[in-house]
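Have a look at the structure below, then the notes.
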Amino acid sequence: MNLPAVAPDVVADAVAALPARLRSKLDQALEKQSTWAITTSDSGATVTIDDQVTVTLTTPLDTAERATCTCLLAPRCLHRAAVLSAAPVLSTHPHHAPATGSDGATVEAGVTTQAAPAATADEKAAATQTRDVVAQILEHGLAGAGAVTQADLLRAIHQARAIGLPRLATSATRVVELLRAARQSVPAFRLADLTEALRDVLTVSHLLISGIGDQQAARGVSRRGYRPIGDLRLYGLCTEPLRTTTGHVGAISYLTDGESTIWSLAQARPGDGDTTRTTAQASVNLGDVTISHRELDRAGIIVVNAHASVDRRLSHGRTVQAVRTTGRTWHEEPADALWRQPIPEQAARWLNAFDAAPHERPAGHDLAFLDGVLAADQRGLLLRTTQLPGAVRVLAPHDDPALPYVANLRLLAAHATAMPVRMIGRFHGPRQVHGLAVAAPWLPERFGGHVDLGVDQLQRADLPDGETTRPCDNDQPQPPLHLLTHHLQRVVAAGRAALVPDVDRDVRALMDAQLPTAASVLRELRRSGHRRSRDAFGRLNQQDSSALAVAWLTAAAYQHAAATAVAAGSWQANGGR
């Protein structure tokens, strides 16, 4: 589906205008979106619902008049509301366009060192509105987070944007995208991602409402466009396929300059899982250079008048000029310097980035550059490195058979043990990485120096017969935080009803593991989930939902801090002892 993006207030108003009998049927109408015939053009899109009904969308979709329907109930019709509810959320508020330079690049706002004032009454009201909607999501879970609830959250997003709370709006928009992906069974959806997004939006809301913490960080900075950064001489590192929860597929290439700074160049388009792998072979334009992502990560490139966003993502803009040059291997400068950085410092870079909003985290902040020897156990591939006392477990970022991650890692585990490799991974947790690419002197020359595990397909003939290694004991004693994580995710999935009596068993297990704080927050979450009161008219008390949200946020904040501490300790040279 390739619908144009719609401003959040337009969707919210369309849903609010529906009569009660049609609002109850909105989710059923959205289930039929696979049968819609969509015709796109430069001016928008036309959606054919059936033989008699057509919805026309005219870009930019920032007002209600730009979405029309041919049915007799328009504009208070189910068809129009369903189409708008299925469209992606417009990311930039039309009435607050950023200042731009001569080439359309966003001018970066100045940084102030003055303490930010506490939230105003309007800001607190917007944060409260957002928190109340999220509380309802936790109350009923995914089953109750349909289009009507999403419209309520979109209205809160519109209000947050209007009064200048970009971080709150961005976090809430991420929740809407993940809710839609969950209800549409998008393969890229992960319950852990939605849990983290809900924790972030509740944290920001709490900071604004209570007035504690860094208020400027809670307000955030508007997503900025591309700005001039001068000339760059870059060398490719690796490429990985992209698959988003918004129905887009593509590829992203990572490059480095002479100062070991990592840059990224991404390209995405609407598509499905079957086209994800081939996008790395598609051409990407950078100035006058047309090159595929797979070629780019093995080449060098000189970029004149380069433009990049705050997260170091390079622009494809018309004013950019580029010349292709000879690439360098990972064992040559400047790439070699990335592997000389101690692993604990790399892990600290990854963990420190969590303090920033997701769209402000620099490219490659979570990449791990590891040297070692391959090993394996009954659960899969391991990497032994001299900097750490135990082995690093190498996992597949995606288990979709359309991507070769799993097959490549299985081949390496079966036929390349005891062989030296240089690896690029993505930090995933305590002594775990997602394997992205490997380089080794024993790889065939046709791979051009390294193998992108999500793009290239290894064959049995490409691998040597590695030596048989003794089973590697990689199991480190870890605190049972998964017990708390499990209940947090169950509430997100099923709502208050997920807090069943077996919580007491896990509370006792946490106490036995000397985690009294974890046991306390889980016990309070259970208590808030079971507390149901009624007002003078016999209706369920709205404050119970807020209490559940506060208890859930308390448990989620503790789990995040504890998991971060455990991950940091596992990447230390002494194993965190």
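The values are calculated or read from the model by the stated rules, or taken from the named source; none is laboratory data. Computed from a prediction, not measured in an experiment: that's the story for all the values here. Ideal geometry is used to build each Cβ from the backbone, glycine not excepted, and the neighbour counts take in all protein chains shown. All accessible areas refer to the heavy atoms of the entire protein, side chains included, with ligands and DNA or RNA removed. Shrake-Rupley method; radii C 1.70, N 1.55, O 1.52, S 1.80 Å.
For segment 156-169, the criterion of being closer than 23 Å to T128 by Cα and under 15 Å from the mean Cα position of the chain (by Cα) is met by at least one residue.
For segment 468-489, name all the residues that are open to solvent by 100 Å² or more (accessible area, probe 1.4 Å) and modelled with pLDDT of 65 or more. Of everything in segment 468-489, those that are open to solvent by 100 Å² or more (accessible area, probe 1.4 Å) and modelled with pLDDT of 65 or more turn out to be P477, H482.
Of the conditions (1) closer than 29 Å to A280 by Cα; (2) over 26 Å from the mean Cα position of the chain (by Cα), P389 satisfies every one except a single condition; which number is it? Single failed check for P389: (1). Counting only residues that are small (G, A, S) and either within 18 Å of Y558 (Cα to Cα) or surrounded by 14 or more Cβ atoms within 10 Å (Cβ to Cβ) (or both), which one in segment 521-535 is modelled with the highest pLDDT? Once the filter is applied, the top-ranked residue is S528. Filtering segment 450-460 for residues that are open to solvent by 10 Å² or more (accessible area, probe 1.4 Å), of a type in the set (S, T, N, Q), closer than 28 Å to S570 by Cα and more than 30 Å from the chain's Cα centre (by Cα) leaves an empty set. Listed by position, the strands (runs of 3 or more DSSP E) enclosed by segment 25-91 that each have at least 2 residues that are buried (at least 21 other Cβ atoms within 10 Å of the Cβ), of a type outside the set (G, A, S) and in contact with a helix residue (DSSP H, G or I) (Cβ under 9 Å, 6 or more places away or on another chain) are 54-58.
Taking each residue of segment 205-218 that is of a type in the set (S, T, N, Q) and looking for partners that are in a helix (DSSP H, G or I) with beta-carbon atoms closer than 8 Å, six or more apart or interchain, yields S205/A127; S205/T128; S205/T130; S205/R131; S205/V134; S205/L168; Q215/L207; Q215/L208. Taken over segment 1-37, the criterion of being touching a Pro at 6+ places or on another chain (Cβ under 9 Å) and over 12 Å from H79 (Cβ atoms) is satisfied by M1, N2, L3, P4, A5, V6, A7, A17. Take the conditions (1) open to solvent by 20 Å² or more (accessible area, probe 1.4 Å); (2) more than 20 Å from A5 (Cβ to Cβ); (3) of a type outside the set (D, E, K, R); T239 misses just one of them, which is (1). Taking the numbered list (1) under 19 Å from D456 (Cβ atoms); (2) part of a strand (DSSP E or B) in turn, V373 passes all entries but (1). All conditions but one from (1) open to solvent by 50 Å² or more (accessible area, probe 1.4 Å); (2) within 26 Å of A86 (Cα to Cα); (3) over 17 Å from the mean Cα position of the chain (by Cα) apply to A151; the one that does not is (1). Does segment 325-368 hold any residues that are open to solvent by 70 Å² or more (accessible area, probe 1.4 Å) and in contact with a strand residue (DSSP E or B) (Cβ under 6 Å, 6 or more places away or on another chain), and which are they? Selection gives T326, R328. Selection of segment 190-209 for residues being β-branched (V, I, T), closer than 16 Å to Y558 by Cα and open to solvent by 10 Å² or more (accessible area, probe 1.4 Å) yields T195, T203. Among the residues of segment 495-520, the one identified as open to solvent by 50 Å² or more (accessible area, probe 1.4 Å), part of a helix (DSSP H, G or I) and under 29 Å from T149 (Cβ atoms) is A497. Check whether at least one residue in segment 228-235 is open to solvent by less than 50 Å² (accessible area, probe 1.4 Å) and either of a type in the set (D, E) or within 20 Å of the chain's Cα centre (by Cα) (or both), and report yes or no. Looking through segment 228-235, none of the residues is open to solvent by less than 50 Å² (accessible area, probe 1.4 Å) and either of a type in the set (D, E) or within 20 Å of the chain's Cα centre (by Cα) (or both).
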